[in-house]
1. Within the stretch A:221-260, count every residue that is aliphatic (A, V, I, L, M), more than 14 Å from chain B (Cβ to nearest Cβ) and part of a loop (DSSP other than H, G, I, E, B).
2. Which residues, taken from the stretch B:164-181, are more than 13 Å from chain A (Cβ to nearest Cβ) and either farther than 24 Å from B:Pro53 by Cβ or at pLDDT 95 or above (or both)?
3. Sort out for me the strands (runs of 3 or more DSSP E) sitting completely within the stretch B:217-331 that have 2 or more residues that are at pLDDT 85 or above and crowded, with 17+ Cβ neighbours inside 10 Å.
4. Any chance you could count how many residues in the stretch B:60-100 are of a type in the set (D, E, K, R), closer than 27 Å to B:Asp31 by Cα and in contact (Cβ under 8 Å) with a residue 60 or more places away in the chain?
5. When the stretch B:97-135 is examined, which residues are found to be aliphatic (A, V, I, L, M) and at the interface with chain A (Cβ under 9 Å from one of its Cβ atoms)?
6. Please give the helices (runs of 4 or more DSSP H) falling wholly within the stretch A:1-74 in which 1 or more residues are among the hydroxyl-bearing types (Ser, Thr, Tyr) and closer than 30 Å to A:Trp194 by Cα.
7. What about A:Ile134, is it within 14 Å of another protein chain (Cβ to nearest Cβ) and surrounded by fewer than 18 Cβ atoms within 10 Å (Cβ to Cβ)?
8. Would you confirm whether or not the stretch A:24-46 contains a residue that is free of Cβ contacts under 8 Å to residues at least 40 places away in the same chain, within 14 Å of chain B (Cβ to nearest Cβ) and surrounded by 14 or more Cβ atoms within 10 Å (Cβ to Cβ)?
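The values are calculated or read from the model by the stated rules, or taken from the named source; none is laboratory data. These numbers come from a predicted model, not from an experiment. All Cβ positions, even for glycine, are placed from backbone atoms using ideal geometry, and neighbour counts span all protein chains on display.
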Amino acid sequence: MTWAAFTSEWTKLKRRTLLLSTFLGLAVAASAFVILLFSQAPATGHGGLPSLQQLARPNGLVLGVTRATMLLGIVAFGIAAAQTASEYSLGTLRQLLVRQPRRIVLLVGKMLAVITFILLAFLFAAVVAFVVAIVMAHARHTSTSAWFTGTGLGDLFRALGDIALAVAGYSILGLAIGQLLRSAVFAVIAGLAWIIAVENIIARIVPSTANWLPGASLATVASGGTEGPSFSHGLIVAAIYLVVALIAALGTFARADVTA
Amino acid sequence: MTVTQAMRGTGEASGIQLAVSTTGLTKRFGDRTVVDHVDLAIPAGSVCGFVGPNGAGKTTTIRMLLGLIRPTAGSGSILGGSLTEPASYLRKVGALIEAPAFYPQLSGRDNLKALARLGQLNLKTVEPALARAGLAARAGDKYRSYSLGMKQRLGIASALLPDPELLILDEPTNGLDPAGIVEMRGLIRSFADDGMTVLVSSHLISEIEQICDYVIMIRGGRLVHQGSVADLRATQQSDVIVAPEHDADREQLAKILEAAGCTVTARPAENGVLVETAGLSAADLNRLAANNGITLRQLAEQTRSLERAFFALTGTDEAGLRPGQEMGAIK
C-alpha cells in the first residue's frame, strides 16, 4: 500500500515542469558554485576560499561541495513543504483520502517519494557539478589526478553520503512543516526564515544552543562533523528533531478532519 | 447488506437492502452542531437526492460518509462496512466532493492515473472512465486548461475509477451551463441504470426532482424527511389553478374560495388564482364556483414541487431562509 502511495506521488513529481526546474535548477546552481569556486580560487594560501593547491588534493572537491549544503537544504525544504501543503490549498487531499483512507500509509508513501525525488535531483546535480569541476580544474591548470585515487573517491563518496543524509533530513522537516502549517507559501517562508535567520539569532543570543538547533545539526551532518560538534552529535540531535517533527505531522494528519 | 429493521423516520417496510445507513450521526465543531443525530437509510440501487439549503450540513455528512471528517457521535454502515473503518468500503465507492480538485499541471489522464495508482486500481480503468464522462478527446490536455464543465467531467471520471457500487456526487451541477446540467442528469441516470447506488446532493431541489427516485431532506443539520419521491408527492396536497370565464369574477371567486378555507394566490398569467385546496377536490371547487354563479374557464390540478414540499415539511418558506441559504430552482 505504501508502494501504491509512492508510485502515485511519483506520477505527480515526474511532471516536466517540476522535474526540469528541480533537476536542472540544482545542477545549474551547483555548477555555478563550482565555477565560482575555481575561478575565484587563489593559486595558494589559506584564506576564506580554498586555493587551487587545496582543490587539487584528494579531498579538494569535498571542500567545495560541503559549502553548497545550505543551498541544497533550502531547496529540499522548499520542495518538500510545497508538496504536502499544496494538497490542502489545491483541495486534492480529499481525493487522495477517498482512494487511500489509511492516512499514515498515504503520508509515508508521499514522504518516501519526495525524499527519493530530491535525492535523485541532488545526485544528478552532483554528477553534473563533478564534470564541471573537472573542466574548470583543467581550465585553471589544476591537476585532478588526486581526486581519482582511492582516498580521493572515498572522501568524495563519504561527503556526498553525508550531504544526502542532511538533504533527506531537510526534506523530512519540510514535509512535516508543510503538513502542519497546510500552506505552501507560509511553510516555505517559515522554514527558510528559521534556517537562514532565526537559528543564527538564537545562537548569537544564547551561544550554548548553537550545537542543539535543527538546522545547525543538519549542517554538522552535511559537513561530516566539525571542529565543534562531532558528526555523531549532529546526527543524534538532528534525528531527535526529525522524529519529533514526524510524530507531530503523522499524529495530526491521522486525526484531523479534512475540510479543505 | 440487508437491514431487517424498518427504515427510520419513513415507516417503510423492513428487509430493504440499504447501501448507506446511519444512526444518530452527529458532527460538532466546537459548540456548533453542524449535523445533528441524522439517521440515513439509502436503498441500494436508488438515485437518492440529498437536498437542503446551503449550510444545511450536506457536505459535512458526505465527508463523514467518506471518512474525511470524524463523527462526534453516531454509527453507520456503508456497503456493509463500518463507518469507523472507511478502508473497508471505500474501494467500492466513487466520490465527487464539492468542486473538483486536481493537479493543474497534470493532464486529466495523468491526474486519474495518480488516483488509480494510489487506490491500487487497474490503470486500464482510466480510459473507460474518461470516455464515460465524455472527456476522452481532451484527456491529454493539462487540467488547468479545462473549462468548468470539463473539470466537473474529470471529477465524475475520477469517481468512476473504482467501478463503484456507491457513487457520491456533491453538487455535481455546480457551475454547469443549462446544456451541461441536462447532460449531467442523463449521466447520473445512466449510472443508476448500471446498478450503482447514487447519492447526489444539491441545494437545487428541482434538479433532484428530475433525476432521483429517493430523497433525503436536511435543514439546520437535522433530517427533515427521507423516503421515495413518489411517496412524498402522494402525501402532499395538490394545488389547483382556477380561472373564471370572465376576468371580472376573479375577485369574487377568490373570496368564495377563501371563505371555504382555501389559501388563494393571484396568478395574473392565467387570469386566475392558485388555490391551496385545504382538502377540497377540484370537483368541490367547481361546485362552489357554479353555486355562486361563476363559470370556470380553467380548472387545472398541479402536483406540488419537491421545493414546496420541503417548505411544507419544515414549516417555512423561502423568505425564512438566511441569506446564502437559498433553495434555488431551475424551472
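1. 0
2. Hits for the stretch B:164-181 are B:Glu165, B:Ala179.
3. Hits in the stretch B:217-331: B:222-228, B:239-244.
4. 1
5. B:Ile97, B:Ala99, B:Ala101, B:Leu106, B:Ala114, B:Leu115, B:Ala116, B:Leu118, B:Leu121
6. Output list reads A:16-40.
7. no
8. No: zero hits.
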